[in-house]
Amino acid sequence: MAATPTTSTPTTPQPTASTGADAPAYDALPDGTVDAVVIGGGAAGLNGALMLARSRRKVVVIDSGTPRNAPADGVHGLLGLDGTPPAELLARGRAEVRHYGGRVVAGEVASAVPADPSAEGDPRFTVTLTGGGTVRARRLLVATGLRDVLPDIPGLAGHWGHGVVHCPYCHGWEVRDEPIGVLATSPGSVHHALLFSQLTDDLVYFTRGTELDAETRERFAARGILVVDGPVGEVVTAENGEIEGVRLTDGRLVARRVLAVATSLQARTSGLADLALPMEDLPGGIGRRFVTGTAGTTDVPGVWVAGNATDPMAQVGASAAAGALAGAHMNADLATADTDAALAATRRAPAPA
């Protein structure tokens, strides 16, 4: 992960799992070998599981209960469901998967390990949860999502998902016409600022020690974007709990109500090391993702990846679509394997007397 010039140890906003009366109900792990285990209970994972369950596959979703968009008030840009609270959308998804016989199990994956294949060479995997439960599967769909890693600026992380936003398409309408500040984290922050300039006439770009050439400054000036050079000391919180502004290390306070920051996008990899899935750094040092091919295929037979873990820029709709495509692809692969096994059994059967 590439750090910006003025960033020390980055901080990661941590979503909180549901507790108490609002906590979702979960299922128990099944015995035996299931057709597929889906690691991740977000849009990609649930839609992949939905496709598999509707094909009468035995599927288990392992849901950590910590979706990336948990702090957001609503999911936006999703046709027909715009503004739906994230928790409500996921609750609907879990219910739909269960309607077709799928299971949704609460937990985090401690390890996912390739096991001995079947006699016909069909892949097998053993997935172990941190609480000790295990489940065996023929196929895996990794839909773990990603972590948004914020720059290490005091006071910033506490406003994540409300006063601090990252995506103009996810949150832009909700912060329109507010005094917005863009905190530069990489060269890509220049484009970030141009996108947010469409949403407000009061935009400040904090360079935070990053380079900004004369032509870019001229383009910013043409769009009315004010450039503030120098290091940022802290994000100041007002008495009402909202953002008051950005204090520079020289003591100046630049009043802002909203801050936009391009986070470092890091695929969640916990418990997946034994799969040896290929990964790569994203251009411009903006993060790291799993490498996939068509429909989420990977170099590891029997393993697919979908959603933000491989496509960090995907919004909820795109992640769900990718999960659906991966699920359909997995079912087709299983159908071929089932036919191979049936044919092998037929050939082994003794000829009739």
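The values are calculated or read from the model by the stated rules, or taken from the named source; none is laboratory data. Just so you know, these numbers come straight off a predicted model, no measurement behind them. Methodologically, a virtual Cβ is constructed for each residue, glycine included, from the backbone with ideal geometry; neighbour enumeration extends over all protein chains shown. Just the protein is used for accessible areas: all its heavy atoms, side chains included, with ligands, DNA and RNA removed. Shrake-Rupley method; radii C 1.70, N 1.55, O 1.52, S 1.80 Å.
Numbers below:
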{"quantity": "Cα-based convex hull volume of the chain per residue, rounded to whole Å³", "calculated": "150 Å³"}
{"quantity": "Solvent-accessible area per residue, Å², over segment 128-174 with all protein chains present [probe radius 1.4 Å]", "calculated": "37 Å²"}
{"quantity": "Estimated FRET transfer efficiency when R0 is 30 angstrom, pair Ala351-Thr33 (beta carbons, to 0.05)", "calculated": "0.50"}
{"quantity": "Antiparallel DSSP beta bridges within the chain, percent to nearest 5", "calculated": "45 percent"}
{"quantity": "Charge-dipole axis of the chain as Lys and Arg at +1 and Asp and Glu at -1 on Cβ define it, positive-most pick from Gln315, Leu141, Gly40", "calculated": "Leu141"}
{"quantity": "Mean ellipticity per residue at 222 nm, deg cm²/dmol - from DSSP H runs of n ≥ 4 across the chain, formula -39500 (n - 2.57)", "calculated": "-7000 deg cm²/dmol"}
{"quantity": "Relative contact order of the chain, pairs being alpha-carbon contacts under 8 Å that are 6 or more residues apart, as %", "calculated": "22 percent"}
{"quantity": "Cα shape, segment 200-326, gyration tensor, a/c 1.5 rule", "calculated": "prolate"}
{"quantity": "Label-point separation in nm, Leu195 to Ala25, each point 7 Å along Cα→Cβ", "calculated": "4.0 nm"}
{"quantity": "Extension gain (nm, one decimal) between Thr84 and Arg223, 0.36 nm per residue minus Cα-Cα", "calculated": "46.7 nm"}
{"quantity": "Antiparallel DSSP beta bridges within segment 242-322, as percent of all bridges there, nearest 5", "calculated": "80 percent"}
{"quantity": "Kyte-Doolittle at least 0.5, axis length at least 24 Å by Cα - qualifying DSSP helices, the chain", "calculated": "none"}
{"quantity": "Accessible surface of segment 38-121, 1.4 Å probe, proportion on carbon and sulfur as whole %", "calculated": "51 percent"}
{"quantity": "For segment 269-353, alpha-carbon Rg over 2.2 N^0.38 Å", "calculated": "1.51"}
{"quantity": "Point-charge dipole on Cβ atoms (K/R +1, D/E -1) for segment 258-353, about Cα centre, debye to 20", "calculated": "120 debye"}
{"quantity": "Percent RCO, i.e. relative contact order, over segment 69-223, from Cα pairs under 8 Å lying at least 6 residues apart", "calculated": "14 percent"}
{"quantity": "Ordering of 312-321, 121-130 by burial proxy (mean other Cβ atoms within 10 Å per residue, highest first)", "calculated": "312-321, 121-130"}
{"quantity": "Accessible area (Å², 1.4 Å probe, nearest 10) - Asp340", "calculated": "80 Å²"}
{"quantity": "Heavy-atom surface of segment 311-353, accessible at 1.4 Å and reported per residue (Å²)", "calculated": "58 Å²"}
{"quantity": "Cβ-derived FRET efficiency at R0 56 Å, Ser111 paired with Asp177, nearest 0.05", "calculated": "0.70"}
{"quantity": "Apportionment of accessible area to carbon and sulfur, segment 164-248, percent (1.4 Å)", "calculated": "49 percent"}
